[in-house]
Amino acid sequence: MNRERGVSHYGISRTFRVFFDLITIRFLLRYLSRPLHFFGTLGVVSMFSGSALVVWLAAEKFLRHVPVMGAHGPLMMAAMGFLLGGLNLLAIGLLGEMQVRHYHEPRHRAPYSVDRVLRSQNEEHSVSE
């Protein structure tokens, strides 16, 4: 069916905005009340990667007698970055978890509030019958 009037404003840029809005909603619904699940997972993965690199570099140094700073200096700095970054992400997740619990538990609040409920006339007739 053809448009009767005007030109559609729905283009590829709007498709991307809708897509990113859906990702944002999915993220908020999943992690709003559990920030440690998100930041903790990233932190643990980062710390595990950094630890694996450190173990490999230590094996290179002590088993193969390779000068690690000369041969793998940037990789060693990346390993330290992964370790410290993962530790920071884990700490951010713990702080976020504490804030969520501090906000919700004293008053047993839900993570959302309903301002008002809107009903159409058809719904009002079916509810009253």
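So here's what we get for this one:
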item	result
The stretch 95-129 - residue that is outside any helix (DSSP H, G or I) and modelled with pLDDT under 70 and, of those, farthest from Y31 (Cα to Cα)	E129
R26 modelled with pLDDT under 90, under 14 Å from the mean Cα position of the chain (by Cα) and part of a helix (DSSP H, G or I)	yes
First in the stretch 63-84 and over 12 Å from F48 (Cα atoms) and without any contact (Cβ under 8 Å) to a residue 40 or more places away in the chain, second anywhere and assigned to a helix (DSSP H, G or I) and among the β-branched types (V, I, T), Cβ under 9 Å, 6 or more apart	L75/V68; M76/V54; M76/V68
Selection count, the stretch 45-81, where residues are open to solvent by 80 Å² or more (accessible area, probe 1.4 Å), in a helix (DSSP H, G or I) and of a type outside the set (D, E, K, R)	9
Residue, farthest from M98 (Cα to Cα), within the stretch 1-23, restricted to residues that are open to solvent by less than 100 Å² (accessible area, probe 1.4 Å) and part of a loop (DSSP other than H, G, I, E, B)	G6
S33 being farther than 26 Å from Y103 by Cβ and among the hydroxyl-bearing types (S, T, Y)	no
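The values are calculated or read from the model by the stated rules, or taken from the named source; none is laboratory data. Computed from a predicted structure; not experimentally measured. All Cβ positions, glycine included, derive from the backbone under ideal geometry; neighbour counts span all protein chains shown. Just so you know, the surface numbers come from the protein's heavy atoms only, side chains and all, with ligands and any DNA or RNA stripped out. Shrake-Rupley method; radii C 1.70, N 1.55, O 1.52, S 1.80 Å.
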